[in-house]
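Beneath this line is the structure, given in C-alpha cells, with notes to follow.
None of the figures in this text is laboratory data; all of them are computed from the coordinates on show. Note that the structure is predicted; figures quoted are calculated from it, not measured. Methodologically, a virtual Cβ is constructed for each residue, glycine included, from the backbone with ideal geometry; neighbour enumeration extends over all protein chains shown.
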Amino acid sequence: MFYNALEHVLGLAETEKDWVTIRREMTDEKIKQIYHLYEGLWPEQTDLLQLLPKPDGTPRAIYTGAIHPDAIADYALGASLYFGELIIQHPFVNARILNPKFSPVKNRSAYRQEVLKSIAFFYTVMPLVERGLVNLIPDPCDFDKHLRDQMWQMARSRSVGNDPRIYEDHRTKVLMREDAQRGIMSMPQRALRSQMQKVFPDKDEAERETMLQAMLRLQEQDPLAVLQQEPFESGEGG
C-alpha cells in the first residue's frame with residue numbers, strides 16, 4: 001500500500017521520471033504527504049508482535065546495521081541468499097511518535113535530505129520484498145514505550161566507562177561525512193556564496209562563482225543530494 005501511495009505522490013504512477021527529476025520536483029508538501037501516509041498505515045495501537053513471522057522452520061535473519069541506501073546492499077541484502085527471510089527495519093520514521101518540532105509532518109524542510117535517503121533505500125529493497133526475501137518492519141519501539149525505555153537503559157549501562165572511539169566504524173564515518181557534505185550543498189546559493197567569501201577571501205568573485213557552479217554539478221550527479229528548488233522557510237526553524 002505504501003509503495004503504491006509513494007508512486008502517486010512522486011508522480012510515477014502517471015509518467016516515468018528519472019531520479020534527477022524526482023529530486024528536483026520534491027516539495028515540502030510532498031514530504032508531508034509521504035510521512036503522513038506512513039504514519040496512517042502504522043497507528044500507535046498496532047500490535048506489531050502479532051504481525052511478525054512466527055517460528056515455522058523457515059530460516060530467518062534480523063539486520064541491525066545502518067539504515068542507509070549506500071550501506072544496505074553491502075551489509076545486508078546478500079544475506080537473503082543464505083536465509084529464507086531477512087527482517088529489516090523500515091527506513092521511514094513514524095511522525096506520530098515524534099516531538100512536533102522533530103516531526104517530518106510539522107517540520108518538513110528538515111527532512112529534505114532524509115526523505116531522499118529513505119526513498120532510495122525503499123526502492124533498493126522493494127524487489128526483494130516483493131519476492132518474500134526481505135520483510136520490512138517498523139521500529140518495534142514505536143508501539144511499545146516500555147520496550148524503548150528498556151533499550152535505552154540497557155544501552156546506557158553498557159556504555160558506562162567505555163570510550164566510544166574504540167567502536168568507531170570507518171565505513172559509518174564515511175557515510176556521515178558524505179551526508180554532511182550533502183547538507184552543505186543543499187544550502188541556498190546566496191548562503192553558499194557567503195560561506196565561500198569567508199573561506200576563500202583571497203579569490204575573486206569570478207573564481208568563487210566557478211567553484212559554486214562546479215559544486216552544483218556535483219550536487220546533481222550525487223544521487224542522494226537535495227535538488228529541491230523550494231526556498232527554506234525564514235526564521236529560527238528555517
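Length gained on full extension, Lys101 to Glu16, computed as 0.36 nm times the residue gap minus the Cα-Cα distance: 27.1 nm.
Can you put Tyr3, Tyr75 in order, fewest other beta carbons within 10 Å first? Let's see the in-between values first.
Working: Tyr3 11, Tyr75 14.
Ranking Tyr3, Tyr75 by Cβ neighbours within 10 Å, fewest first, gives Tyr3, Tyr75.
Mean residue ellipticity, 222 nm, helices only, the chain: the sum of -39500 (n - 2.57) across DSSP H runs of n ≥ 4, divided by residue count and rounded to 500, is -15000 deg cm²/dmol. Note that the chain carries a Kirkwood radius of 20.4 Å, evaluated over its alpha carbons pair by pair. Volume of the convex hull of the stretch 1-140 (Cα atoms only), normalised per residue: 118 Å³.
Counting 0.36 nm for each residue step from Arg131 to Arg148 and taking away their Cα separation leaves a gain of 3.0 nm. Shape descriptor for the stretch 169-229: Rg over Rh equals 1.03 (Cα atoms; Rh from the Kirkwood inverse mean 1/r). Cβ crowding within 10 Å, taken as a proxy for footprinting-reagent exposure, orders His36, His68, His8, His146 from fewest neighbours to most as His146, His8, His36, His68. Of the two radii for the stretch 98-238, the radius of gyration is 1.05 times the Kirkwood radius, both from the alpha carbons; that is the Rg over Rh value. Could you list, in their original order, any pairs among Lys30/Lys203; Lys54/Lys173; Lys30/Lys101; Lys101/Lys203 whose Cα atoms are separated by more than 30 Å? As for pairs spanning more than 30 Å Cα to Cα, those are Lys30/Lys203; Lys54/Lys173; Lys101/Lys203.
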